[in-house]
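S.K.: Sharing a structure with you now.
The values are calculated or read from the model by the stated rules, or taken from the named source; none is laboratory data. This is a predicted model, so every value here is computed, not measured. Methodologically, a virtual Cβ is constructed for each residue, glycine included, from the backbone with ideal geometry; neighbour enumeration extends over all protein chains shown. For the accessible areas, the whole protein counts, side chains as well, though only heavy atoms, and no ligand, DNA or RNA atoms are used. Shrake-Rupley method; radii C 1.70, N 1.55, O 1.52, S 1.80 Å.
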Amino acid sequence: MFEGLVADLVTKVCGDYVEGLDKGNLNISIWSGKVKLERVVLKSSAFDELGLPVTVVKGTVDVIDFDIPWKSIQSSPVVITISGLTALLGPNTAEQDGAAVAQKIAAA
């Protein structure tokens with residue numbers, strides 16, 4: 001039951017950036033605070049929020065590790081480590097308002 005809640009949370013956090021999230025590529029060790037997501041594909045919109053003049057043509061991530069400090073969740077950070085990021089980028093052809101891009105970069 002708790003594993004399902006964690007899986008839903010990982011999907012919510014990572015769903016805007018990667019495709020192919022399912023229980024087959026998600027390894028959850030609840031009590032140790034370790035969650036591992038393996039072999040996922042970057043969405044073409046993964047970098048859109050940054051306002052960069054590029055878009056993802058094709059991309060993969062080998063491993064995304066989450067280290068969740070359950071005992072001190074309110075005072076310690078959740079650490080996310082990404083390993084094996086491969087991305088082929090191309091020009092972003094969508095027109096963007098310069099002021100909107102500047103705000104996004106400043107907020108990042």
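S.K.: Which one, 50, 21, 79, is farthest towards the positive end of the dipole of the chain when Lys and Arg carry +1 and Asp and Glu -1 on their Cβ?
M.R.: The one lying farthest along the dipole's positive direction is 79.
S.K.: Rounded to the nearest 10 degrees, what's the angle between the helix 98-107 long axis and the longest principal axis of the chain, both from Cα atoms, 0 to 90?
M.R.: The answer is roughly 30 degrees.
S.K.: Counting other Cβ atoms within 10 Å of each Cβ, which GluC sites (Glu not before Pro) in region 1-101 have at most 16 and sit in a DSSP loop?
M.R.: 95
S.K.: While we're on this one: Charges at C-beta only: +1 for Lys and Arg, -1 for Asp and Glu. How large is the resulting dipole of region 2-106 about its Cα centre, in Debye rounded to 20?
M.R.: Roughly 260 debye, rounded to the nearest 20.
S.K.: Another one. Considering only protein heavy atoms and a 1.4 Å probe, what is the carbon-and-sulfur percentage of the accessible area of region 1-70?
M.R.: In region 1-70, the share of accessible area belonging to carbon and sulfur is 59 percent.
S.K.: In degrees from 0 to 90, rounded to the nearest 10, what is the angle of the helix 2-14 Cα long axis to the longest principal axis of the chain?
M.R.: Long axis of 2-14 versus the principal axis of the chain: about 10 degrees.
S.K.: 222 nm [θ] for the chain, helices only, -39500 (n - 2.57) per DSSP H run of 4+, per residue, to 500?
M.R.: Per the formula, -6500 deg cm²/dmol.
S.K.: Moving on to the next point. Place a label point 7 angstrom from the Cα of residue 9 along the Cα-to-Cβ direction, then list the residues of region 63-81 whose backbone nitrogen is under 16 Å away.
M.R.: Of the residues in region 63-81, 65-81 have backbone N under 16 Å from the label point off residue 9.
S.K.: Per residue, how much accessible area does the chain show when a 1.4 Å probe rolls over the protein heavy atoms, in square angstrom? Working shown, then result.
M.R.: Numbers: 7440 Å² over 108 residues.
For the chain, the solvent-accessible area averages 69 Å² per residue.
S.K.: Taking only C-alpha pairs under 8 Å that are 6+ residues apart, what is the relative contact order of region 2-106 in percent?
M.R.: Numbers: 174 pairs, mean separation 23.8, N = 105.
Reported relative contact order: 23 percent.
S.K.: Take a quick pass over region 2-106 and tell me how many lysine pairs come in under 16 angstrom between Cα atoms, counting only ones 8 or more apart or on separate chains.
M.R.: Lysine pair count for region 2-106: 7.
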